[in-house]
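**Student:** This is the structure I want to talk about, given as structure tokens.
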Amino acid sequence: MAAATSQAVRFRRGITLPIFLLIAWEVSSRSGLADPRFLPSLENVALTAKRELIDNNLFGDLAYSLMRNLAGFLIGSALGVGFATLLALSRIADRLVMPTFNAVKQISLLAWIPLISVWFGFGEQAKIVFVALAAFIPIVLNTYDGMRAAPADLLEVGRALKFRPHQRALRIYIPSAMPAIATGVHLGLIYSWLATVGAEYFLAVGPGIGGLVIAGRERFDMAMVMVGVFILGLVGFSLNRLAYSLEAYLLRWRPRQVR
Amino acid sequence: MAVISEFFGHARLRPRKRLLGRLGTGATALVLPVAILTLWWVASDRGWLPQQILPAPAYVYEMARDMIASGEILYHTGVSLRRVIIGFAIGAALGLSLGIAMGLSEVVEDYAKPLFLAFAQIPTLGWIPLLMLLVGIDETLKIIIIAKGAFVPMAMNTFTGIRNVSPRYIEVGHALRFSRWQQLRLIILPAAIPSIFTGIRYGLTHSWTSLVGVELLASSEGLGYLLVWGRQMFWLDTVIIAMIAIGIVGFVMDKGLNSTEHLIQRWKKGEA
């Protein structure tokens, strides 16, 4: 069934709607059917993009956002894997900490922002703390699940060989949880980008893509908002792709699973 | 549950005496919260941190009692819940329809999926400023944002659920000369239900997160507003109470979905 439809036909179908929408956009904005303040013409958006890119150093903003994202993500994922390993190694720590962690994770991520802004201010530190938190939670959950599912016979071998805790962690738990950790890292990467955007919206001090969007809204500059939102999407998309290749790389030793 | 029994079964293998072995799971779970509470109480009692940074637990407790008694917290929770329910219902219905349409017809998939994927790439938070310019900061904005949060996972999971229905089931349908409608109602949808439920779960979680986001940015009532307001007045007790309320609602929704899912699965087993 699928083979019958050629790649070219599928491609043609795929671009039909977007092209149609673009034409409708351009026509309604040119003809005055829609208020150009709400729907700026494509040319206007392109000009704004050029202005922001070349004159207003959009790449600088983007670099700031990405740095924050990366810093928070690295801190959050390192802490997350460490924390989950600790819980997997020690049953006491697990029983002491996990219920509280499960309760705390129910709090919607963005709800942390006001508290974080009181404790860490509106600067870089607060943003990185928030991004780290966003990466931390999914990575802990997935790593923990992965380690809990470590094969019992491997653990028994470990006991027979009198493995020390660090050996158990490095030789049994972490390798066998690798697929789960990769999933966690993937989610963490996506969440940390969301958190970066959120942090820049709500803790709006300093350069960044989120700040650009907010500034565009305040100036009622629809074209600027559109450029910003487009870039948000583009970065999210690239990060997702990056996560996929990272996952494939981390799991390269594993034979292809037939699902 | 399986995890817990597995882990207890495992624990019995080890002869070593454990410190917390005799305490029940419930009691062990409470150790950390109690420790944190004690530390918090001592810290604020000794004045290690200013009140604005860390209010005394007694303050928070009193404030919580006041807010519950005056109906304030209930009111804001109600406002937020109403928004989520409406937005989620709209978004989930649209997502379900698109998912079914794309799942059943390859032509629809070819036309709609690339645009849908592009649309899904932009985080919900990204849409907020754009929509604020388009529709203002009224109720409409919140409903649209929440609906978008539910729409994407719902459409995606419904689509994969339908596509992953085993061809054997469909063959059975052909053999029984089912009409298209019977095929859909008796074979495809029941088989896709677990995946659709995953969509509902993610959709509801996303809706709830989006709600907090949109209420933080533009609202004059609701739990998110309570957060911003408490933050601006430096009433950390209000902020903490709002966070707890958000956590409780999230927890209850999660549990509710869990038991609904179990109920539906049981019904499926009973039928089979």
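The values are calculated or read from the model by the stated rules, or taken from the named source; none is laboratory data. Here the structure is a predicted model, which is why all the values come from computation and not from measurement. Positions of Cβ are generated from backbone atoms using ideal geometry, with glycine treated the same way; all protein chains shown enter the neighbour counts.
**Student:** Within the stretch B:74-130, can you find the residues that are charged (D, E, K, R) and farther than 27 Å from A:G228 by Cβ?
**Tutor:** Here is the first cut: in the stretch B:74-130, the ones charged (D, E, K, R) are B:82-83, B:106, B:109-110, B:113.
B:R82, B:E106, B:E109, B:D110 - these are the residues of the stretch B:74-130 that are charged (D, E, K, R) and farther than 27 Å from A:G228 by Cβ.
**Student:** Can you confirm whether the stretch A:109-129 contains a residue that is within 14 Å of another protein chain (Cβ to nearest Cβ) and either touching a strand residue (DSSP E or B) at 6+ places or on another chain (Cβ under 9 Å) or in a loop (DSSP other than H, G, I, E, B) (or both)?
**Tutor:** Yes; the residues of the stretch A:109-129 include at least one that is within 14 Å of another protein chain (Cβ to nearest Cβ) and either touching a strand residue (DSSP E or B) at 6+ places or on another chain (Cβ under 9 Å) or in a loop (DSSP other than H, G, I, E, B) (or both).
**Student:** Looking at (1) within 14 Å of chain A (Cβ to nearest Cβ); (2) more than 23 Å from the chain's Cα centre (by Cα); (3) among the hydrophobic types (A, V, I, L, M, F, W, C); (4) assigned to a helix (DSSP H, G or I), which one does B:F234 not meet, given that it meets all the others?
**Tutor:** (4)
**Student:** Restricting to the stretch A:133-143, give me the number of residues that are over 11 Å from A:A78 (Cα atoms) and crowded, with 23+ Cβ neighbours inside 10 Å. If you could, list the steps in order and put the result at the bottom.
**Tutor:** Let us first name the residues in the stretch A:133-143 that are over 11 Å from A:A78 (Cα atoms), namely A:133-134, A:137-138, A:141-143.
With the extra rule that they be crowded, with 23+ Cβ neighbours inside 10 Å, the set shrinks to A:134, A:138, A:142-143.
So the answer is 4.
**Student:** Looking at (1) in contact with a helix residue (DSSP H, G or I) (Cβ under 8 Å, 6 or more places away or on another chain); (2) part of a helix (DSSP H, G or I); (3) surrounded by fewer than 12 Cβ atoms within 10 Å (Cβ to Cβ), find the lone condition where A:I54 falls short.
**Tutor:** (1)
**Student:** Specify which of the listed residues (A:G236, A:G210) is touching a Ser or Thr at 6+ places or on another chain (Cβ under 8 Å), part of a helix (DSSP H, G or I) and of a type outside the set (V, I, T).
**Tutor:** Details: A:G236 fails: touching a Ser or Thr at 6+ places or on another chain (Cβ under 8 Å).
Every option except A:G210 fails the conditions.
**Student:** Still on this structure, please answer the following. Scan B:W229, B:W181 and give me the residue that is among the aromatic types (F, W, Y) and surrounded by 18 or more Cβ atoms within 10 Å (Cβ to Cβ). Talk me through it step by step, then tell me what you get.
**Tutor:** Details: B:W181 fails: surrounded by 18 or more Cβ atoms within 10 Å (Cβ to Cβ).
None of the others qualify; the one that does is B:W229.
**Student:** Then there's this: Considering B:S80, B:S70, B:S44, which residue is surrounded by 13 or more Cβ atoms within 10 Å (Cβ to Cβ) and modelled with pLDDT of 85 or more? Working first, answer last.
**Tutor:** Values: B:S70 fails: surrounded by 13 or more Cβ atoms within 10 Å (Cβ to Cβ); B:S44 fails: modelled with pLDDT of 85 or more.
The unique qualifying residue is B:S80.
**Student:** Do you know which residues across the stretch A:35-85 are under 19 Å from A:V229 (Cβ atoms) and in contact with a Gly (Cβ under 6 Å, 6 or more places away or on another chain)?
**Tutor:** First, pick out the residues of the stretch A:35-85 that are under 19 Å from A:V229 (Cβ atoms): A:35-53, A:56-66, A:68-69.
Correct list: A:D61, A:Y64, A:S65.
**Student:** Considering (1) in contact (Cβ under 8 Å) with a residue 24 or more places away in the chain; (2) within 11 Å of chain A (Cβ to nearest Cβ); (3) within 21 Å of B:D138 (Cβ to Cβ), say which one B:T205 fails and leave the rest.
**Tutor:** With (1) in contact (Cβ under 8 Å) with a residue 24 or more places away in the chain; (2) within 11 Å of chain A (Cβ to nearest Cβ); (3) within 21 Å of B:D138 (Cβ to Cβ) applied to B:T205, the lone miss is (3).
**Student:** Still on this structure, please answer the following. Residue check: is B:P55 assigned to a loop (DSSP other than H, G, I, E, B), crowded, with 18+ Cβ neighbours inside 10 Å and within 14 Å of chain A (Cβ to nearest Cβ)?
**Tutor:** Values: assigned to a loop (DSSP other than H, G, I, E, B): yes; crowded, with 18+ Cβ neighbours inside 10 Å: yes; within 14 Å of chain A (Cβ to nearest Cβ): yes.
Considered against the rule, which asks whether it is assigned to a loop (DSSP other than H, G, I, E, B), crowded, with 18+ Cβ neighbours inside 10 Å and within 14 Å of chain A (Cβ to nearest Cβ), B:P55 comes out as yes.
**Student:** Please pick out the residue among B:L115, B:L130, B:L134, B:L96 that is crowded, with 17+ Cβ neighbours inside 10 Å and under 21 Å from A:A34 (Cβ atoms). Before the answer, list the steps.
**Tutor:** On the way: B:L115 fails: crowded, with 17+ Cβ neighbours inside 10 Å; B:L134 fails: crowded, with 17+ Cβ neighbours inside 10 Å; B:L96 fails: under 21 Å from A:A34 (Cβ atoms).
After ruling out the rest, the residue left standing is B:L130.
**Student:** Considering only the stretch A:1-41, how many residues are among the β-branched types (V, I, T), surrounded by 12 or more Cβ atoms within 10 Å (Cβ to Cβ), part of a helix (DSSP H, G or I) and within 12 Å of chain B (Cβ to nearest Cβ)?
**Tutor:** Total meeting the criteria: 3.
**Student:** For A:G158, are the conditions met, namely being under 28 Å from A:M67 (Cβ atoms) and either more than 13 Å from chain B (Cβ to nearest Cβ) or part of a helix (DSSP H, G or I) (or both)? Full working, then the answer.
**Tutor:** Details: under 28 Å from A:M67 (Cβ atoms): no; either more than 13 Å from chain B (Cβ to nearest Cβ) or part of a helix (DSSP H, G or I) (or both): yes.
Answer is no for this residue.
**Student:** Quick one: B:A192 ticks every box in (1) in contact with a Gly (Cβ under 6 Å, 6 or more places away or on another chain); (2) buried (at least 24 other Cβ atoms within 10 Å of the Cβ); (3) within 23 Å of B:G247 (Cβ to Cβ) bar one, so which box is it?
**Tutor:** (3)
**Student:** When residues of the stretch A:122-151 are filtered for being under 24 Å from A:L66 (Cβ atoms) and either touching a residue at least 24 places away in the same chain (Cβ under 8 Å) or touching a Ser or Thr at 6+ places or on another chain (Cβ under 8 Å) (or both), how many remain? Reasoning before the result, please.
**Tutor:** Let us first name the residues in the stretch A:122-151 that are under 24 Å from A:L66 (Cβ atoms), namely A:122-140, A:142.
Among the residues that remain, those that are also either touching a residue at least 24 places away in the same chain (Cβ under 8 Å) or touching a Ser or Thr at 6+ places or on another chain (Cβ under 8 Å) (or both) are: A:122-124, A:126-140, A:142.
Of the residues in the stretch A:122-151, 19 are under 24 Å from A:L66 (Cβ atoms) and either touching a residue at least 24 places away in the same chain (Cβ under 8 Å) or touching a Ser or Thr at 6+ places or on another chain (Cβ under 8 Å) (or both).
**Student:** Any idea how many residues of the stretch A:239-253 are free of Cβ contacts under 8 Å to residues at least 40 places away in the same chain and outside any helix (DSSP H, G or I)? Spell out the reasoning first.
**Tutor:** The initial filter retains those residues of the stretch A:239-253 that are free of Cβ contacts under 8 Å to residues at least 40 places away in the same chain, namely A:241, A:245, A:248-249, A:252-253.
Applying the additional criterion that residues be outside any helix (DSSP H, G or I) yields A:252-253.
Residues in the stretch A:239-253 being free of Cβ contacts under 8 Å to residues at least 40 places away in the same chain and outside any helix (DSSP H, G or I): 2 in total.
**Student:** Let me ask something additional. A:D94: within 14 Å of chain B (Cβ to nearest Cβ) and in a helix (DSSP H, G or I), yes or no? Reasoning before the result, please.
**Tutor:** On the way: within 14 Å of chain B (Cβ to nearest Cβ): yes; in a helix (DSSP H, G or I): yes.
Yes, satisfied.
**Student:** Does the stretch A:44-53 contain at least one residue that is at pLDDT below 85 and either among the charged types (D, E, K, R) or within 25 Å of the chain's Cα centre (by Cα) (or both)?
**Tutor:** Yes, there is a match, as at least one residue in the stretch A:44-53 is at pLDDT below 85 and either among the charged types (D, E, K, R) or within 25 Å of the chain's Cα centre (by Cα) (or both).
**Student:** Please find, within the stretch A:215-241, the residue that is farthest from A:V45 (Cα to Cα) out of those that are among the β-branched types (V, I, T) and either at the interface with chain B (Cβ under 8 Å from one of its Cβ atoms) or in contact with a strand residue (DSSP E or B) (Cβ under 8 Å, 6 or more places away or on another chain) (or both). Walk me through how you get there before you give the answer.
**Tutor:** First, the residues of the stretch A:215-241 that are among the β-branched types (V, I, T): A:225, A:227, A:229, A:231, A:235.
Going one step further and asking which of them are either at the interface with chain B (Cβ under 8 Å from one of its Cβ atoms) or in contact with a strand residue (DSSP E or B) (Cβ under 8 Å, 6 or more places away or on another chain) (or both), we end up with A:225, A:229.
Working: A:V225: 9, A:V229: 12 Å.
Step by step, filter the stretch A:215-241, then rank; the result is A:V229.
**Student:** Return yes when A:I190 is free of Cβ contacts under 8 Å to residues at least 60 places away in the same chain, within 14 Å of another protein chain (Cβ to nearest Cβ) and not in a helix (DSSP H, G or I) and no when it is not. Walk me through how you get there before you give the answer.
**Tutor:** On the way: free of Cβ contacts under 8 Å to residues at least 60 places away in the same chain: yes; within 14 Å of another protein chain (Cβ to nearest Cβ): yes; not in a helix (DSSP H, G or I): no.
Judged against the criteria, A:I190 is not a match.
**Student:** Of the residues B:G247, B:G199, which is small (G, A, S), more than 9 Å from chain A (Cβ to nearest Cβ) and in a helix (DSSP H, G or I)? Spell out how you get there, then give the answer.
**Tutor:** Values: B:G247 fails: more than 9 Å from chain A (Cβ to nearest Cβ).
That would be B:G199, the only listed residue that is small (G, A, S), more than 9 Å from chain A (Cβ to nearest Cβ) and in a helix (DSSP H, G or I).
**Student:** Could you pull out the residue among A:A195, A:A182, A:A199, A:A169 that is of a type in the set (G, A, S), away from chain B (no Cβ under 12 Å) and within 28 Å of A:F130 (Cβ to Cβ)? Steps first, answer last, please.
**Tutor:** Details: A:A195 fails: away from chain B (no Cβ under 12 Å); A:A199 fails: away from chain B (no Cβ under 12 Å); A:A169 fails: within 28 Å of A:F130 (Cβ to Cβ).
Exactly one residue qualifies, and that residue is A:A182.
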